[in-house]
Amino acid sequence: MQTILNFIIKHNHWFLFVLFEGISFMLIVQFNNYQGATFFTSANSMAGNIFGATKNMVEYFSLGTRNQELLAHNSELMNEVVQLRSQIAELQNEAAMRGDTIVRSYSSQFKFNTANIVNNSLNKLNNFIVIDKGKSDGVEAEMGVFSSKGVVGIIYLTSEQYSLVLPLLNSKSNISCRIQGNSEFSTLQWDGKDTRYSYLVDLPKYTHFERGDTVVTSGFSSIFPAGIPVGSIESLEESLDGMFYRAKVELFVDFGELSSVFVVGNKGHNEQQILESNIPKE
Amino acid sequence: MTGTYLIRIRNIILLILVQSLIFNRIHLFGYATAAVYLIFLLKLPRYTSRNELLLWAFIMGITIDLFGSTPGINAAAATLLAFVRNPILESFIQKSNPEDLTPGIPSMRFGGYMSYATICITIFYTALYILELFTIRYPMTLLIGVASSTLLTILFILVTEKFSSK
């Protein structure tokens with residue numbers, strides 16, 4: 001007994017070392033598996049508050065550019081509204097002439113919310129973004145996040161005030177996309193290297209497209225509305241097994257420059273999830 | 001005694017803030033980041049026990065993780081560094097050196113301190129990148145990341161050493 005005690009006292013630093021490494025590994029593993037571990041991320045309120053305060057200070061220096069960007073986006077949206085209104089009017093006229101009464105309303109399906117970015121990382125293989133809207137603002141996991149330029153990512157975890165976003169620049173990110181003007185869809189994945197590029201990994205070989213074509217969201221995942229821009233095709237190569245094309249996509253969003261984003265929730269998302277979960281697994 | 005600990009806690013808070021608010025946002029060439037908060041562990045005096053080193057390292061690592069959304073990764077790597085620091089330090093100084101020697105260029109000469117710091121930082125970053133890449137097979141990314149980040153950190157250690165020696 002005495003020898004065991006002596007041994008433990010003599011080598012106590014080994015036990016401390018194993019204990020600390022054990023806790024660290026538990027955290028690493030837990031964060032990868034267990035979705036509720038918001039405390040040990042920067043989505044917790046203390047880190048969120050400190051990042052929010054520094055952001056408030058730094059923000060002033062870029063107000064001019066942000067303003068320009070918002071104005072540009074505004075005018076784009078105005079143009080679109082005018083165009084769509086005239087289209088609706090035309091269609092309603094047509095429907096009235098035919099005596100149709102079927103008018104589908106799309107406007108209520110998606111709900112938009114704005115948020116500011118309080119923390120952002122670019123240099124890791126699994127990057128995360130923290131935004132200042134959480135459960136109390138109606139943000140939930142698996143909502144889509146995009147900026148005025150294009151898709152940013154998907155909400156991963158939420159706390160009361162803050163949310164953790166899984167951006168395109170994360171090796172776990174999978175977003176269903178298609179090339180504009182094409183009906184084939186494919187998955188966008190990041191290889192962990194250059195923050196300007198991501199890859200469409202499983203494009204069928206019969207897909208026709210050219211360099212510079214725009215990649216947009218497909219709308220199949222029910223997280224994003226269809227047609228939100230993602231990037232443009234930069235180059236093309238065959239996948240390792242030669243069955244598909246692998247396209248390098250230059251992302252529209254500059255993740256280093258991001259400051260405010262939109263969060264989009266789909267009211268039909270839960271319904272679609274439940275339906276899809278009933279698909280029998282092989 | 002209490003005075004030294006108060007100063008240490010102040011230094012830790014300062015380093016953590018500087019690390020998470022400034023240095024974690026600097027990524028040279030998309031790879032290199034500098035872990036300046038390790039300076040605290042490197043500069044603790046020679047007599048510091050392994051237990052104490054481990055405790056400081058774990059506290060700092062876990063706080064940096066908390067700010068950077070990387071739970072456990074910095075904590076694990078910093079704990080490893082703290083565990084191997086004393087043997088590495090001993091191999092670069094004489095037995096006859098005073099017990100309260102603070103590692104630095106004045107006390108260890110340029111070559112001695114640089115080798116000590118380089119070995120420690122390389123161990124830290126190797127552990128960090130392996131933990132971060134975990135299931136992914138990119139040996140080149142690992143090598144470039146470890147080498148460039150270690151270099152950048154050493155650069156900042158040199159700068160702080162120059163300023164503090166004056």
Could you list all residues from the stretch B:89-137 that are away from chain A (no Cβ under 14 Å) and of a type in the set (Asp, Glu)?
B:90, B:99, B:100
Which condition number does residue B:161 fail, the rest of (1) touching a helix residue (DSSP H, G or I) at 6+ places or on another chain (Cβ under 6 Å); (2) at pLDDT 90 or above; (3) away from chain A (no Cβ under 11 Å) being met?
(2)
Among the numbered criteria (1) hydrophobic (A, V, I, L, M, F, W, C); (2) closer than 29 Å to residue B:142 by Cβ; (3) at pLDDT 85 or above, which one does residue A:244 miss?
(3)
Those strands (runs of 3 or more DSSP E) lying entirely in the stretch A:194-254 with at least 1 residues farther than 17 Å from residue A:175 by Cβ, polar (S, T, N, Q) and touching a strand residue (DSSP E or B) at 6+ places or on another chain (Cβ under 8 Å)
A:229-238
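Name the one entry in A:187, A:207 that is surrounded by fewer than 22 Cβ atoms within 10 Å (Cβ to Cβ) and either more than 23 Å from residue A:277 (Cβ to Cβ) or outside the structural domain of residue A:266 (by TED's automatic domain parsing) (or both).
A:207
Could you tell me how many of the residues in the stretch B:28-54 are away from chain A (no Cβ under 14 Å) and either of a type in the set (Ser, Thr, Tyr) or assigned to a helix (DSSP H, G or I) (or both)?
At the first step, the residues of the stretch B:28-54 found to be away from chain A (no Cβ under 14 Å) are B:36-40, B:42-47.
Narrowing further to those that are either of a type in the set (Ser, Thr, Tyr) or assigned to a helix (DSSP H, G or I) (or both): B:37-40, B:42-43, B:47.
Adding up the residues that qualify gives 7.
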Residue A:200, sole failed condition from (1) at pLDDT below 85; (2) touching a Cys at 6+ places or on another chain (Cβ under 9 Å)
(1)
Hey, can you tell me all the residues within the stretch A:121-130 that are at the interface with chain B (Cβ under 8 Å from one of its Cβ atoms) and of a type outside the set (Lys, Arg)?
A:121, A:122, A:123, A:125, A:126, A:128, A:130
Of B:70, B:63, the only residue that is surrounded by fewer than 22 Cβ atoms within 10 Å (Cβ to Cβ), of a type in the set (Val, Ile, Thr), in contact (Cβ under 8 Å) with a residue 12 or more places away in the chain and out of contact with any His (no Cβ under 6 Å at 6 or more places or on another chain) is B:63
Cβ pairs under 6 Å, 6+ apart or interchain, first in the stretch A:50-61 and among the hydroxyl-bearing types (Ser, Thr, Tyr), second part of a helix (DSSP H, G or I), ordered by first then second residue, are A:54/B:21
Evaluate the following for residue B:50: is it farther than 16 Å from residue A:21 by Cα and surrounded by fewer than 23 Cβ atoms within 10 Å (Cβ to Cβ)?
no
Any chance residue B:131 is crowded, with 21+ Cβ neighbours inside 10 Å and not charged (D, E, K, R):
no
Return yes or no: is residue B:143 touching a Cys at 6+ places or on another chain (Cβ under 6 Å) and within 14 Å of chain A (Cβ to nearest Cβ)?
no
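Please verify whether residue B:33 is of a type in the set (Val, Ile, Thr), in contact with a helix residue (DSSP H, G or I) (Cβ under 9 Å, 6 or more places away or on another chain) and buried (at least 19 other Cβ atoms within 10 Å of the Cβ), treating the condition exactly as stated. First the steps, then the outcome.
Values: of a type in the set (Val, Ile, Thr): yes; in contact with a helix residue (DSSP H, G or I) (Cβ under 9 Å, 6 or more places away or on another chain): yes; buried (at least 19 other Cβ atoms within 10 Å of the Cβ): yes.
Taking the combined requirement at face value, the residue satisfies it.
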Which condition number in (1) at pLDDT 80 or above; (2) under 30 Å from residue B:71 (Cα atoms) is the one that residue A:74 fails?
(2)
Residue match in the stretch B:109-125 (condition: within 20 Å of residue B:47 (Cβ to Cβ), of a type in the set (D, E, K, R) and assigned to a helix (DSSP H, G or I)):
no
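Kindly indicate the residue of the stretch B:17-27 that is part of a helix (DSSP H, G or I) and within 10 Å of chain A (Cβ to nearest Cβ) and also modelled with the highest pLDDT among those meeting that condition.
My answer is B:17.
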Is it the case that the stretch A:9-30 has a residue that's closer than 27 Å to residue A:156 by Cα, within 13 Å of another protein chain (Cβ to nearest Cβ), surrounded by 13 or more Cβ atoms within 10 Å (Cβ to Cβ) and at pLDDT below 75?
yes
Qualifying residue in the stretch A:161-182 (condition: in contact with a strand residue (DSSP E or B) (Cβ under 8 Å, 6 or more places away or on another chain), free of Cβ contacts under 8 Å to residues at least 24 places away in the same chain and either assigned by TED's automatic domain parsing to the domain that holds residue A:261 or farther than 23 Å from residue A:73 by Cα (or both)):
yes
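The values are calculated or read from the model by the stated rules, or taken from the named source; none is laboratory data. It should be emphasised that the depicted structure is a prediction, and the values quoted were computed from it without experimental measurement. We place every Cβ from the backbone using ideal geometry, glycine too, and count neighbours over all the protein chains shown.
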